[in-house]
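Engineer: Pasting a structure below so you can have a look.
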Amino acid sequence: MTWRFALVIVPAASDDRRIDFADTFREIDPSAPALSVGELSTQRGDGIFESIGVVDGHAQEVAAHLDRLAHSADICDLPRPNREQWRQAVVLAAAQCPPRGEGVIKLILSRGVEHGPAPTSWVTAAEAPDNTAVRERGVRVVTLDRGYGSDVPGRAPWLLLGAKTLSYAVNMAAIREAKRRGADDAIFLTTDGFVLEAPTASLILQQGRRFVTPAPNGGILHGTTQLSLFEHLREGGYETAYETIPVADLTTADAAWLVSSVRLAAPVSAIDGRELRVDRGLTASFNRYLLSPRT
């Protein structure tokens, strides 16, 4: 991924939409050193982030991403992001993305430098990887034990389950393990046999004209793409639901997708070696919708 643009955000006091926050941003060379050696985001992964898809220069689902950034900040005891300041920063970053095609904007909020006075915040923009093949061909997945039971999120809030944190080492390790097993990606399971999510995507299952996704009360990151796609499905007359899904339901689903802001909708072609039907027509309609301008 080639970074095109980076912007440091200086914390601001007001969230008034009438204020121009231009003087609180500092553009930097994305290829040059920028972070202090004492930065807690790199030392401990102590921070949160969002990845926003950009289509033809338009940043997608910005409001939902800013909502989730604030939710993650609350879970992690970080200062609440100044919503209007971050929205203006996204506009600046989107202007640096290709006018045609796809890009990705990343929002990062760190606890800052150790013993420092304030958090560190920055925004980057880059061209998105080409996901055409995976949207058409699909992904083969394996199920992996996430290492905790379905009751853990309620008992141990300090695990920060449900926040989009910078601590992604486990997620990346899961994808590497999936590839060692001959698959492309993974679906996490609780130790008591319930379905969670993929390391970098939400899971959607089709059951006839009904579409379900794991309920977010299990410490699942609430997916912005999944939320938008569910709204689209309801408008098309389909039923949608959030449920506690037992692992056995993976083998009886009519079809399944991994969905995320940059990859969009990737059909699941196999789970643990069992082939799954790929509905190419429905997948194509999902991605046409997800590639349309959405606020």
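No lab work stands behind these numbers, since they all come straight from the coordinates. Nothing here was measured: the structure is a model prediction, and the numbers come from that model. Here Cβ is always computed from backbone atoms with ideal geometry, including for glycine, and neighbour counts include all displayed protein chains.
Engineer: What do you get for the angle between helix 224-235 and the principal long axis of the chain? Use alpha-carbon atoms, 0 to 90 degrees, nearest ten.
Structural biologist: 50
Engineer: Please return the longest range in the chain lying between exposed loop sites, taking trypsin sites (Lys or Arg not before Pro), DSSP loop only, at most 10 other beta-carbon atoms within 10 Å, and leaving the sites out. It would help to have the intermediate numbers written out before the result.
Structural biologist: Details: sites that count: ARG17, ARG18, ARG100.
In the chain, the maximal stretch lacking such sites is 101-295.
Engineer: Sticking with this one: Could you please report the charge total around THR191, scoring K, R as +1 and D, E as -1 over all other residues with beta-carbon less than 11 angstrom from its beta-carbon?
Structural biologist: Values: positive: ARG146; negative: ASP145, ASP151, ASP192.
Net of charged neighbours comes to -2.
Engineer: Let's see if you can work this out: charge +1 on each Lys and Arg Cβ, -1 on each Asp and Glu Cβ, no other charges. What is the dipole magnitude of the chain about its Cα centre, in debye to the nearest 20?
Structural biologist: Details: 31 positive and 36 negative charges, 94 e Å.
Approximately 460 debye in magnitude.
Engineer: For LYS179 and ALA118, compute 0.36 nm times the residue count separating them, minus their Cα-Cα distance, and round to one decimal in nm. Spell out each step's value before the answer.
Structural biologist: Details: separation 61, 0.36 × 61 = 21.96 nm, distance 3.98 nm.
Value of the extension gain: 18.0 nm.
Engineer: Turning to a different aspect of this structure: What is the gain in length, in nm to one decimal, between ASP151 and ARG288 on full extension, counting 0.36 nm per residue of separation less the C-alpha to C-alpha distance?
Structural biologist: On the way: separation 137, 0.36 × 137 = 49.32 nm, distance 3.75 nm.
Computed gain between ASP151 and ARG288 is 45.6 nm.
Engineer: While we're here: Report P(r) for the chain: all Cα-Cα distances, bin width 10 Å, range 0 to the bin holding the largest distance, values in whole percent.
Structural biologist: 6, 27, 35, 24, 8, 1
Engineer: Just to confirm the number: angle between the C-alpha axis of helix 62-75 and the first principal axis of the chain, 0 to 90 degrees, nearest 10?
Structural biologist: The angle comes out at about 80 degrees.
Engineer: What is the spin-label model distance, in nm, from ARG137 to ASP249 if the labels are put 7 Å beyond Cα along the C-beta direction?
Structural biologist: Here the answer is 3.0 nm between the modelled labels.
Engineer: On to the next question. What's the long-distance tail for region 133-290, i.e. % of Cα pairs beyond 18 Å? Please report the intermediate quantities before stating the final value.
Structural biologist: Details: 6906 of 12403 pairs.
Tail of P(r) above 18 Å: 56 percent of Cα pairs.
Engineer: So what's region 182-247 giving for Rg/Rh, alpha carbon basis, Kirkwood Rh from the mean inverse pair distance?
Structural biologist: Details: Rg = 12.1 Å, Rh = 12.4 Å.
On the Cα set of region 182-247, Rg over Rh gives 0.97.
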